[in-house]
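**Student:** Below is the structure I would like to discuss, written out as structure tokens.
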Amino acid sequence: MFFRMAVVLCFSLIVGCQKPKMPGFVSKLTKTTSESDEKAPPRTTFASGAPSSIPMGETNYEGESIQLTDYSGDSAPAELFGATVVATVNSLPIFADDVLQPHTLNIEKAAEQLSPAELNRLRAKIIQQELPQHIEKALLMSALREDIEKEQYEQLTTQVNNLFEKEVDKLKERYNVETKIELEQILEEQGTSLDSLNNAFAARELSMFYIGQKSKDATRLSRQELMDWYEQNKAQYAIEAAVKWQQIRINSSGDGGREAAFAKMKQAIDALRNGAEFGAVAKQFSDGPKRDTGGLWDWTKQGSLADEKVERALFEIPAGKISQPLETGSAFVLVKVVERRDAGFVPFEEVQDKINNKLQSEARRDAAQNVIKDLNNTATIWTIFDKQPGSSAPSAPETF
């Protein structure tokens, strides 16, 4: 029974853990890797695909292009915590704590129910699930360091740190605290820290900067390209004919029958001829369902009304005009066209900016995929889940 509960808890933790938006490895990237390189030589790993979406300048970023060796978790590596190196990217280490930190609270809860071996298998499963996005971020950070001068990199990090201070102010406002000490206490209760958030924020911003620099030329679109796309996808911007209208409806099935209804309609028409407002007359005489709102109906598409006489009047008489009395099967009806739009297409000028934003986003995504694919093809990557030659078990982790 205990084992079954443990398995269920492990599964629920893995599924329920919130995937962190960014890994927190930036502050540790500058450590020497000579010792880990000697113990676990890196090998090249090629990506089998690129991430489906790399938003530019947005806050969410999830790597999916690094594929790890399948791992069942039956023989979890030991000591998956702290400064254990779980991967290296171009000799830069990624530590167990970098990956596990956002899951601290869930792991602590699991520790109350699981044995040390089961708990370590849980850590291994979480690391394997989250490691690809950390690897991808490390790829981008490594490339950025190689691509720009040290002085420019330091300027960028200074700007990013200044931006993060604004994020800190937002956090203090959200949690209704005034000092960083108070904020740190709240974050600690949630299993995180300002340092971790700062690292994640910096990694995201610097990675996005690198992708933006490498792909900006691929995202420029001319007006003609936008117009061509509009024409090819014009059906998306079709407008159906519709009308906004008012109605005075007097039922002929009540007391007095048709004659009484006709007489009441005549009174309504006389009031309109004497200058009364249509809505006021509807409230006074109408039996229709919209009586309390002056008989007003919102936009109604052509072809959606059951009564053909009413629909034909609504789409034939000019806007602002009132129809002749119409006798339907069980009522006399007057309708007034408040506003009408004909069938057609939304003009290009009205959707030009939206089209541009859409195509820019797609172009940035495609360009980013190419950038990351190129980095993957030239990167040297090692993870604890890579199989050693001639072995079916994952290689043992090294402590950095």
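The values are calculated or read from the model by the stated rules, or taken from the named source; none is laboratory data. Here the structure is a predicted model, which is why all the values come from computation and not from measurement. Using ideal geometry, Cβ is built from the backbone for each residue, glycine included, and neighbour counts are taken over all protein chains shown.
**Student:** Assess whether Asn199 counts as being in contact with a Gly (Cβ under 7 Å, 6 or more places away or on another chain) and not hydrophobic (A, V, I, L, M, F, W, C). Give the derivation first.
**Tutor:** Working: in contact with a Gly (Cβ under 7 Å, 6 or more places away or on another chain): yes; not hydrophobic (A, V, I, L, M, F, W, C): yes.
Yes.
**Student:** Which of the numbered conditions does Lys234 fail, given that it passes all the others? Conditions: (1) over 17 Å from Ser330 (Cα atoms); (2) buried (at least 16 other Cβ atoms within 10 Å of the Cβ); (3) touching a Phe, Trp or Tyr at 6+ places or on another chain (Cβ under 9 Å).
**Tutor:** Only one criterion in (1) over 17 Å from Ser330 (Cα atoms); (2) buried (at least 16 other Cβ atoms within 10 Å of the Cβ); (3) touching a Phe, Trp or Tyr at 6+ places or on another chain (Cβ under 9 Å) is unmet by Lys234, namely (2).
**Student:** Given the conditions (1) surrounded by 15 or more Cβ atoms within 10 Å (Cβ to Cβ); (2) farther than 30 Å from Leu80 by Cα; (3) of a type outside the set (A, V, I, L, M); (4) modelled with pLDDT under 85, report the number of the one that Ser395 does not fulfil.
**Tutor:** Here Ser395 meets the rest and fails (2).
**Student:** Out of all the residues in the range 307-340, which are within 19 Å of Arg291 (Cα to Cα) and among the hydrophobic types (A, V, I, L, M, F, W, C)?
**Tutor:** Val310, Leu314, Ile322, Leu326, Ala331, Phe332, Val333, Leu334, Val335, Val337, Val338 - these are the residues of the range 307-340 that are within 19 Å of Arg291 (Cα to Cα) and among the hydrophobic types (A, V, I, L, M, F, W, C).
**Student:** For residues in the range 288-311 being of a type in the set (D, E, K, R) and within 44 Å of the chain's Cα centre (by Cα), which is surrounded by the most Cβ atoms within 10 Å (Cβ to Cβ)?
**Tutor:** Narrowing the range 288-311 to residues of a type in the set (D, E, K, R): 290-292, 298, 301, 307-309, 311.
Add one more test, that the residue is within 44 Å of the chain's Cα centre (by Cα), and what stays is 290-292, 298, 301, 307, 311.
Values: Lys290: 19, Arg291: 17, Asp292: 11, Asp298: 11, Lys301: 11, Asp307: 14, Glu311: 17.
Checking each candidate, the answer is Lys290.
**Student:** Hey, does the range 170-192 have a residue that's in contact (Cβ under 8 Å) with a residue 40 or more places away in the chain, within 27 Å of Leu92 (Cα to Cα) and in a helix (DSSP H, G or I)? Explain how you work it out, then say what you get.
**Tutor:** Filtering the range 170-192 for residues in contact (Cβ under 8 Å) with a residue 40 or more places away in the chain gives 190-192.
Going one step further and asking which of them are within 27 Å of Leu92 (Cα to Cα), we end up with 191-192.
Remaining after also requiring in a helix (DSSP H, G or I): none.
So far as the range 170-192 goes, no, none of its residues is in contact (Cβ under 8 Å) with a residue 40 or more places away in the chain, within 27 Å of Leu92 (Cα to Cα) and in a helix (DSSP H, G or I).
**Student:** Report, by residue number, each residue of the range 324-349 that is closer than 30 Å to Asn233 by Cα and surrounded by 17 or more Cβ atoms within 10 Å (Cβ to Cβ). Walk me through how you get there before you give the answer.
**Tutor:** The initial filter retains those residues of the range 324-349 that are closer than 30 Å to Asn233 by Cα, namely 339-349.
Within the range 324-349, just Arg340 meets the criteria.
**Student:** From the set of residues in the range 342-372 that are of a type outside the set (Asp, Glu) and free of Cβ contacts under 8 Å to residues at least 24 places away in the same chain, which is nearest to Ala313 (Cα to Cα)?
**Tutor:** Here is the first cut: in the range 342-372, the residues of a type outside the set (Asp, Glu) are 343-348, 351-352, 354-361, 363-365, 367-372.
Checking which are free of Cβ contacts under 8 Å to residues at least 24 places away in the same chain leaves us with 347, 354, 357-358.
Values: Pro347: 27, Lys354: 36, Asn357: 41, Lys358: 40 Å.
The extreme case among them is Pro347.
**Student:** Take the residues in the range 122-145 that are charged (D, E, K, R) and touching a Gly at 6+ places or on another chain (Cβ under 6 Å), then tell me which one is nearest to Asp97 (Cα to Cα). Outline the logic, then answer.
**Tutor:** First, pick out the residues of the range 122-145 that are charged (D, E, K, R): 123, 125, 130, 136-137, 145.
Next, only the ones that are touching a Gly at 6+ places or on another chain (Cβ under 6 Å) stay: 125, 136.
On the way: Lys125: 14, Glu136: 17 Å.
So the residue we want is Lys125.
Yes or no, residue by residue, for (1) assigned by TED's automatic domain parsing to the domain that holds Ala83; (2) over 19 Å from Asn376 (Cα atoms); (3) crowded, with 20+ Cβ neighbours inside 10 Å; (4) among the acidic types (Asp, Glu):
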residue	(1), (2), (3), (4)
Leu105	yes, yes, no, no
Ser115	yes, yes, no, no
Asn120	yes, yes, no, no
Arg123	yes, yes, yes, no
Glu136	yes, no, yes, yes
Glu149	yes, yes, no, yes
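**Student:** Identify, please: which residue in the range 55-79 is crowded, with 23+ Cβ neighbours inside 10 Å and within 24 Å of Asp195 (Cα to Cα) and is, among those, modelled with the lowest pLDDT?
**Tutor:** The selected residue is Tyr61.
**Student:** Let me ask something else about it. So is Met227 over 25 Å from the mean Cα position of the chain (by Cα), surrounded by 13 or more Cβ atoms within 10 Å (Cβ to Cβ), over 30 Å from Val333 (Cα atoms) and not basic (Lys, Arg) or not?
**Tutor:** On the way: over 25 Å from the mean Cα position of the chain (by Cα): yes; surrounded by 13 or more Cβ atoms within 10 Å (Cβ to Cβ): yes; over 30 Å from Val333 (Cα atoms): yes; not basic (Lys, Arg): yes.
Here the answer is yes, as Met227 does meet what is asked.
**Student:** Would you confirm whether any residue within the range 113-136 is under 18 Å from Asp386 (Cα atoms), among the aliphatic types (A, V, I, L, M), touching a helix residue (DSSP H, G or I) at 6+ places or on another chain (Cβ under 6 Å) and at pLDDT below 85?
**Tutor:** Within the range 113-136, not a single residue is under 18 Å from Asp386 (Cα atoms), among the aliphatic types (A, V, I, L, M), touching a helix residue (DSSP H, G or I) at 6+ places or on another chain (Cβ under 6 Å) and at pLDDT below 85.
**Student:** Filter the range 201-225 down to residues that are part of a helix (DSSP H, G or I) and out of contact with any Phe, Trp or Tyr (no Cβ under 8 Å at 6 or more places or on another chain), then give me how many there are.
**Tutor:** So the first thing to find is which residues in the range 201-225 are part of a helix (DSSP H, G or I), and the list is 201-219, 223-225.
From what is left, the residues that are out of contact with any Phe, Trp or Tyr (no Cβ under 8 Å at 6 or more places or on another chain) are 205-206, 209-219, 223-225.
Total satisfying the criteria: 16.
A quick yes/no check of all residues on (1) closer than 30 Å to Arg312 by Cα; (2) free of Cβ contacts under 8 Å to residues at least 24 places away in the same chain; (3) not assigned by TED's automatic domain parsing to the domain that holds Ile269:
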residue: Ser215; (1), (2), (3): no, no, yes
residue: Met227; (1), (2), (3): no, no, yes
residue: Glu231; (1), (2), (3): no, yes, yes
residue: Asp255; (1), (2), (3): yes, yes, no
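**Student:** Would you pick out the residues in the range 311-341 that are among the hydrophobic types (A, V, I, L, M, F, W, C) and free of Cβ contacts under 8 Å to residues at least 60 places away in the same chain? Step through it out loud before you land on a result.
**Tutor:** The first filter runs over the range 311-341 and keeps only residues among the hydrophobic types (A, V, I, L, M, F, W, C), leaving 313-315, 317, 319, 322, 326, 331-335, 337-338.
Answer for the range 311-341, where residues must be among the hydrophobic types (A, V, I, L, M, F, W, C) and free of Cβ contacts under 8 Å to residues at least 60 places away in the same chain: Ala313, Ile317, Ala319, Ile322, Leu326.
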